[in-house]
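Some notes on the structure that comes next.
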Amino acid sequence: MKKITTTEDLASFCQEAAKRAYVTVDTEFLRERTYYSKLCLVQLAYQDEHGADAVLLDPLVDGLSLEPLYDLFKDHGCVKVFHAARQDLEIFYVDAGVIPEPLFDTQVAAMVCGFGEQVGYETLVRKITKSDLDKSSRFTDWSRRPLTDAQATYALADVTHLRDIYEYLSARLAKSGRSKWVAEEMAVLEDPATYQADPENAWKRVKTRTQSGKFLAIVRELARFRETYAQGRNVPRNRVFKDDALVELASTKPQSEKDLGRSRLLLREARRGDIADGILAAIKAGLAVKPEDMPQVDNSRTKLQVNPALADMLRVLLKAKTDDAEVAPKLIATSADLDALAGGQRDVAALKGWRREVFGNDALQLCEGKVGLAVKGQKVVTVAL
C-alpha cells in the first residue's frame, strides 16, 4: 500500500495522474471541534490500459506541500472524480481557493442514471462492482498516527472502487446523452459561492416563529457576530451559542452581563468575556436598526393561492416522467416547487435546463390546460385537450 509523505513523491504521482483521463479523489477529515474541516488524509487513484495506481496522501506530515495536488486539480485534461463532493471541495477551496476542474460527482451522476436520490457510495459499490465494503473503520479519528492497516485499507477502498463506478456511470451517460445533465449540476459545485459562509446572511439559517422586522434585526446581528467569531477562532458556531439561545437572546434583549446570567439556554462561557461583549453589542446594534433597513422574510410562497387539485396532478405527472426517465423525482422538483407551479410561479428549477426537457414543458402545458393526464396500460401519459 503506497503512502505519500513527501512533496517530491506527491509531485511524481500527480505527474503520472495528469497523463490519465481521470483521477478519483476522496478525503478523511475532522470537524467536531472546529469551524473549518481539518484535512487528515487524501486518497487518490487512477487506472487505464497503461496501468493503475492508488495512494494515501498524508497532509499532516511536517513540510509536505499540497501544491502538486492543486496543480493537478487545475489540469483541464484530467477529470477529477468524487462521490458526494461538496465537503471535500470545501476543504480544498478554504485551504487554497482551488476548485478541481473538470469535476465529476458520482452521486449526482447516479441520480441521473436512476439509482435514486442521494445514493450512498456503499450502495454503488454493491450494485455496480458487486463488492462489499468493510466499514469497521468508519468512526476513526483520522488525525491520529500511525494509521492501522485496516484503516488504510478502508480509506483506499473509497477511491479504488470509485474508478469502476466512474467508468460505468460515464459510459451510461454517454450512451443516454445525459452527460450535459450532470454538467449542469456540477455548476453549483464549481461555484466558489457554494463554499463561502457570509456572516451577513447567517441569520437566514436560523429558524424562528416570529417574522417581526424588529426581532429579525436582532437575530441578524447576533447571527453575524456568532459567524464572525466562529470563523475567526475556528470553533463550531454551536460552541459560541446555539440557535435556541440566539432566539432567546433576541426575545429577551439583555442589556448587561447580569442580564445574560439569567439566560436559560446560553452556555456558561458565553455569559462573560469576548462572547458576552459581542452579544451585548449585537443586541444594541439590532435595536438601533432603522425600519427601512430591517430584514424581511420572503413570504411569497406561503401566500400562494395553490390549486390543490392541480398540485396533485403535477405530482402524478412528475412521478410518471421520472419513472420514464429513470431519475430521482426530487432531482427534478421538490414538493414546494410543485406547489409554486400550481400557484402560478414560474421561477422554479423544474422549468430550467434539462429539468424542463424531462418535466417542465409538460408541467407548463398541464398548468395552462393544454394537456390532461390519462392512464394507458401501466403508464400515465399526457393527452392534448
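The values are calculated or read from the model by the stated rules, or taken from the named source; none is laboratory data. Since the structure is predicted, the reported quantities are computational estimates derived from the model, not experimental observations. Cβ: placed from backbone, ideal geometry, glycine included. Neighbour counts: every protein chain shown.
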Note to self: What's the total number of residues in the range 175-200 that are part of a loop (DSSP other than H, G, I, E, B) and among the basic types (K, R)?
What the structure shows: 1
Check: Any residue in the range 287-295 that is buried (at least 19 other Cβ atoms within 10 Å of the Cβ) and either in the same structural domain as A187 (by TED's automatic domain parsing) or touching a residue at least 24 places away in the same chain (Cβ under 8 Å) (or both)?
Finding: no
Check: Counting only residues that are out of contact with any Gly (no Cβ under 9 Å at 6 or more places or on another chain) and charged (D, E, K, R), which one in the range 1-19 is nearest to R144 (Cα to Cα)?
Finding: K3
Checklist line | Matching option when the condition is surrounded by fewer than 16 Cβ atoms within 10 Å (Cβ to Cβ) and modelled with pLDDT of 95 or more, among K370, K376, K303 | finding: K370
Next item on the list: Of the numbered conditions (1) of a type outside the set (A, V, I, L, M, F, W, C); (2) in a helix (DSSP H, G or I); (3) touching a Cys at 6+ places or on another chain (Cβ under 8 Å); (4) over 21 Å from A187 (Cα atoms), D71 fails exactly one; give the number of that condition.
Entry: (4)
Check: So which residues in the range 326-352 are assigned to a loop (DSSP other than H, G, I, E, B) and closer than 16 Å to L366 by Cβ?
Finding: A333, G343, G344, Q345, R346, V348
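Is it true that V371 is β-branched (V, I, T) and in contact (Cβ under 8 Å) with a residue 24 or more places away in the chain?
No, not satisfied.
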Next item on the list: Being hydroxyl-bearing (S, T, Y), surrounded by fewer than 19 Cβ atoms within 10 Å (Cβ to Cβ) and closer than 28 Å to R31 by Cβ is the filter here, so list the residues in the range 225-264 that pass it.
Entry: T228, S263
Note to self: Among the residues that make up the range 277-295, is at least one of them of a type in the set (G, A, S) and more than 30 Å from D259 (Cα to Cα)?
What the structure shows: no
Next item on the list: Filter the range 17-42 for residues that are within 20 Å of H161 (Cα to Cα), touching a Leu at 6+ places or on another chain (Cβ under 8 Å) and surrounded by fewer than 19 Cβ atoms within 10 Å (Cβ to Cβ) and give the result.
Entry: A18
Item checked: Pairs, first in contact (Cβ under 8 Å) with a residue 40 or more places away in the chain and among the β-branched types (V, I, T) in the range 235-248, second buried (at least 17 other Cβ atoms within 10 Å of the Cβ) and assigned to a loop (DSSP other than H, G, I, E, B), C-beta under 8 Å, six or more apart -> V235/Y35; V247/V206
Checklist line | Test set (1) out of contact with any strand residue (DSSP E or B) (no Cβ under 6 Å at 6 or more places or on another chain); (2) under 25 Å from S176 (Cα atoms); (3) aliphatic (A, V, I, L, M) - A320 fails condition number | finding: (1)
Notebook entry, point to check: Restricting to helices (runs of 4 or more DSSP H) lying wholly in the range 201-295: which have 2 or more residues that are within 26 Å of V94 (Cβ to Cβ) and over 23 Å from the mean Cα position of the chain (by Cα)?
Noted result: 213-233, 273-287
Next item on the list: Among the residues of the range 43-76, write down those that are touching a Leu at 6+ places or on another chain (Cβ under 9 Å) and among the polar types (S, T, N, Q).
Entry: Q43, S65
Check: Are there any pairs with C-beta distances below 6 angstrom linking a residue in the range 115-133 that is among the small types (G, A, S) to a residue that is at pLDDT 90 or above and surrounded by 15 or more Cβ atoms within 10 Å (Cβ to Cβ), with the two at least 6 apart or on different chains, and if so which?
Finding: S131/V125
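A quick yes/no check of all residues on (1) in a loop (DSSP other than H, G, I, E, B); (2) within 18 Å of the chain's Cα centre (by Cα); (3) surrounded by 14 or more Cβ atoms within 10 Å (Cβ to Cβ):
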site	(1), (2), (3)
V98	yes, yes, yes
F115	yes, no, yes
S131	yes, no, no
K135	yes, no, no
T140	yes, no, yes
A150	no, no, no
T153	no, no, yes
